[in-house]
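The values are calculated or read from the model by the stated rules, or taken from the named source; none is laboratory data. The shown structure was predicted, so the numbers you read here are calculated from the model rather than taken from an experiment. Neighbour counts run over all protein chains shown; Cβ positions are idealised from the backbone, glycine included. Accessible surface areas use protein heavy atoms only, side chains included; no ligands, DNA or RNA. Shrake-Rupley method; radii C 1.70, N 1.55, O 1.52, S 1.80 Å.
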Amino acid sequence: GCLLLIERPDVDTQTLCKKIKGPDFPTGGLILNSKEELCSFYEKGSGAIKIRGCWHLEKEGRRYNVIIDEIPFAVNKSTLVSKIGDLISTKKLPQLDDVRDESTDTVRIVLSLKIKQGDSADATMNRAMAYLCKHTQLQQHFHLNLTCLVPAEDNAVPTPIKASLHEILQHWLDFRYKSIVARLNYELGQLNERLHLLEAFEKAFGILDALIRLIRKSDGRKDAHAKIVETFNFDDRQAEAILDLRLYKLAKLEIYAIQQELKEKRAAAQKIKDILASELKIWQTVQQELRELRKLYGTKRKTKLGGADEELTITDDAAYILDEKTYVIVTKDGWIKRQGRVHNIEKIRTREGDKIAVIAKTNTKQTFGFFSNLGTAFVMRVADIPSTSGYGDPIQKYFTFANGEKIVSSISFDTKCLPREISDIEDEKNPPPYGVAITHKGRIIRFSLSSHMLPSNKTGRKYMKPDGNDDSIIHVSPAGGHEWACVVSAQTRSLCFPISEITLVRGAGKGIATVKLDPKDRIAAFSLALGKHDGPTLVTSRGREMKITPRSYGGRRASRGSIVLKRDRFKAWAPPLIHYHEIFAGKDDEPSDEDSSSKAEAKGGLPVEENLKLFPEFP
C-alpha cells in the first residue's frame, strides 16, 4: 500500500484496499466483515471488525468432533475452554457433550458432537458453533480507531484527527521521508569528518620528512601541535590526528589503504549528496528500503477474509434447550420458579405471607408471559425460569419494572394451557388466542396473544394503556373468542357479555367500557365463562355462594348491569373450574393423584379456598 501511494500520491482509499485488504492478526481467524465494510472503515477511520475462530469437522470412529484450530487475537485459550465446559455442564448446549484441550505449539480444542437422529453432522456443528460464537469469545469485535496526533505547520503543537487509511499512510511516509533525509545528512556529516582527517593524512604523507623534523625539534606535544598548525596550515583536529598516528601507519601499505579509504569515502559522500539533491531519489530510497523490509519480514497472510455470508446466526433458540416437562409456579408477590414434579400444592415452598397465584404444567421449550398492572407484558422462556425447590427469584430480577408496577396475571403460552376452543373468526394479523384485560375503572381490551409469545427484552412490550394515573389493570385472561366476560363491581353491580363485543385491537389501547359504574365504584372481580350456565362463584361476607352466569346476569356491554347484593357485602371471587384444568393440568390432561388432593375433587370441583390459592386476589 505504501509503495502504491509513493507511485500515485492521489490514489483513493478504495484502490488502496486492493492492496491492504484488512487487518492480519497473528493468531489467524476469519474476518466476517465484507470488503465494502472494511473499505468504509478505512475511509472513515473507525469501525468494528468482527473476527471469529476457525474450525473443521473430523470423524473419529463413529463419532464426529469439531476441531477449533484458530481463535481470535488476545483471547485466553484456557478461559475459552472453561467457558465452553460450563455451557456443556449446565446443559445450555445440547449439541455438545464434551470439550478437551489438545493444544501443543498450535491450537487444537476438540468438541465432541452429540447428533440427534435425523440431524446431520454439519447441521449440528453449525448450531453448536453459532451458539458458541454468540455466548463465548470465539467471536470478537475489534474496534478500528485511526485517531492520532499529526504534525502541524510551523512546528506547532500536533493536532488530533481521525485519519483515513490514505491520510495515515501518507503521514507515515512523510515521516519516513524526513527520517531518511535526517539519516543521510548524519551519514554525510560522519563521512565529511572522516574525509577531513583522511585528507590531512594524505597531505602529511607528502611532507613526511619535514613533518618528522619539526616534531623532533618541538618542546612537547603542545609545542608540536602549534608548529604543525602554523607551518603546514592544518587545523586543530587534523594536527591532533597526525600527532596520534602510530609509527606503523607510516608504512607504504598503510598509506595505500588510507588513499583507498579516501577514494571510497569521497564516492559515498558524493552519492549521498546526489540523493539529497533530488526529491525523486529520496522517495526511491524509501521504496527500496520498504522492499527490503518486505523480504525480511513479509509472511503469508494468517487471517482469512470471509465476509458476512460466513457469519453464523442462531435461527431457533429452542434448538439449544433440552425438552423437559416442568411446572411453572408464580406467587402473589411476583416470585417465580419451576419444578420438575408437584406432589402436593400445600408442600410447595413460598415465603412467609406469600401464596401461590398460578401453577402451569408446560415444558422448557415454551414461553411464559407476565402481565403487569401498568399494561406491560414481560415474556421469558420457561428454560430461563430458575429451577429450584426453594422460593425462586423475584420477577424484577429479570425485567425492569416502573415504580408501583407489579404482576397481576401470568399466562403460559404452551398450546396445552391456552383455551381449548378457538373462535371461527380468522384474522391473519391478529389470530386467536386472545388476551382480555380489564382495569379498575371498567375499561376492557381484547388483543392477540401471538404478538406477545416471543421472549421480550427487559422493558417488556405494551399491551394496554391504563386511563390515567388513578387506573390500573386488575387481570388478564386468555380467550379463544367464544367466551363470556363476567364482571362484578365493588358495589356488587354485575354484568356478563360475549367478548366478541370487545373490539379487537392491534396495538396497546385504552380499552372500552364494560359496565356503567357510579363515580366512586370500581371493578372488583373479573373472569371468563365458557357458556351461559358457566361462570365464577361470588362469596358474600356471610359465607353465601352465588354463581354469576351469563344466563342470569347477561346483557349488552356498557349497560348498567344488575345489583347482586343489596344487604350483604362482597368478600371473595372464585373463577370457574375450567381454568384449573387448563392452567394446571393442560387441556389434554386430567389432574392426577400427584396433582390434586383427590380425583373426586378434580372431577367435582375444588373447594373455593383451594381454588383461590391458584389465582390472584382482587380488591
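What are the equivalent ellipsoid semi-axes of region 164-287, built from the alpha-carbon gyration tensor (square roots of five times its eigenvalues), in whole angstrom, biggest first?
Working: eigenvalues 371, 45, 20 Å².
Taking √(5λ) for each eigenvalue gives 43, 15, 10 Å, largest first.
Derived scalar couplings between HN and Hα for region 376-389 equal 10, 9, 10, 10, 9, 6, 4, 4, 8, 6, x, 8, 7, 9 Hz in order, rounded to whole Hz, by the Karplus curve 6.51 cos²θ - 1.76 cosθ + 1.60 (θ = phi - 60°), x for Gly and Pro.
Under a model in which nothing but the beta-carbon of Lys, Arg (+1) and Asp, Glu (-1) is charged, region 250-348 shows a dipole of about 580 debye around its Cα centre.
Can you say what percent of the DSSP beta bridges in the chain, counting only those with both residues inside, are antiparallel? Round to 5.
Numbers: 87 of 94 bridges.
Taking every DSSP beta bridge with both residues in the chain, the antiparallel ones total about 95 percent.
Leu149 contributes an accessible area of around 120 Å² to the protein surface, as traced by a 1.4 Å probe with all chains present. Here r is the Cβ-Cβ distance between Thr459 and Thr147 and R0 is 30 Å; the resulting FRET efficiency, rounded to 0.05, is 0.30.
How would you order 34-47, 104-117 from highest to lowest mean count of nearby Cβ atoms within 10 Å? Working shown, then result.
Values: 34-47: 18.1, 104-117: 13.8.
Put in order of decreasing packing, that is 34-47, 104-117.
Compute the convex hull volume of the Cα atoms of region 385-535, divide it by the residue count, and report the result per residue in Å³ as a whole number. It would help to have the intermediate numbers written out before the result.
Values: hull volume 22.1 nm³, N = 151.
Looking at region 385-535, the number lands at 146 Å³ per residue.
The residues neighbouring Ser78, those whose beta-carbon lies less than 15 Å from its own, together hold a net charge of +1 under the Lys/Arg +1, Asp/Glu -1 convention.
Rounded to whole Å and ordered largest first, report the semi-axes of the equivalent ellipsoid of region 293-394 derived from its Cα gyration tensor (root of 5λ).
48, 15, 14
For region 341-452, the Cα-based Rg and Dmax, in that order, read 15.6, 46 Å. Start at zero, step by 5 Å, and the Cα-Cα distances of region 429-512 spread as 3, 14, 25, 25, 19, 9, 4, 1 percent across the bins. Sorting Leu449, Leu280 on solvent-accessible area from highest to lowest, probe radius 1.4 Å, gives Leu280, Leu449. Packing here is the average count of other Cβ atoms within 10 Å per residue, and on that basis the peptides 231-241, 194-204, highest first, run 194-204, 231-241.
Of the whole protein surface, Lys249 contributes about 60 Å² of accessible area at a 1.4 Å probe radius.
When N is the residue count of region 1-156, what does its C-alpha Rg come to as a fraction of 2.2 N^0.38 Å?
Values: Rg = 20.6 Å, N = 156, 2.2 N^0.38 = 15.0 Å.
That ratio works out to 1.37.
Counting Cα-Cα pairs of region 90-185 in 10 Å increments starting at 0 gives whole-percent bin shares of 12, 25, 15, 11, 18, 13, 5, 1. With 19 Å as the limit on Cα-Cα distance, the pairs of Lys44/Lys304; Lys91/Lys397; Lys397/Lys458 that go past it are Lys44/Lys304; Lys91/Lys397. Other residues within the sphere of radius under 10 Å centred on the Cβ of Ala377, judged by their own Cβ, net out at +2 (K and R +1, D and E -1). Counting only heavy atoms of the protein chains and using a 1.4 Å probe, Tyr391 has close to 100 Å² of accessible surface. A simple spin-label model places pseudo-atoms 7 Å from Cα toward Cβ; at Lys44 and Asp309 they are separated by 2.4 nm. Here Gln491 and Arg544 are evaluated by their C-beta separation; at R0 = 30 Å the FRET efficiency comes out at 0.95.
Using R0 = 56 Å, the C-beta based FRET efficiency linking Ile115 and Ile512 works out to 0.55.
When all C-alpha to C-alpha distances in the chain are sorted into bins of 10 Å, what percent of pairs does each bin hold, rounded to whole numbers? Each 10 Å bin holds this share of Cα pairs: 3, 12, 15, 13, 11, 10, 9, 7, 5, 4, 4, 3, 2, 1, 0.
Expressed in units of 2.2 N^0.38 Å, where N is the residue count, the Cα radius of gyration of region 216-268 is 1.34. Here the label points at Thr299 and Thr106, each 7 Å from Cα along the C-beta direction, are separated by 1.4 nm in the simple model. Taken as Cα centroids, region 437-468 and region 266-298 sit 75 Å apart, rounded to the nearest whole angstrom.
Residue pairs exceeding 23 angstrom between C-alpha atoms, taken from Lys21/Lys295; Lys227/Lys252; Lys83/Lys337; Lys92/Lys325: Lys227/Lys252; Lys83/Lys337.
For labels at Ser89 and Gln270 in the simple 7 Å Cα→Cβ model, what's the distance in nm? In this crude spin-label approximation the distance works out to 7.9 nm.
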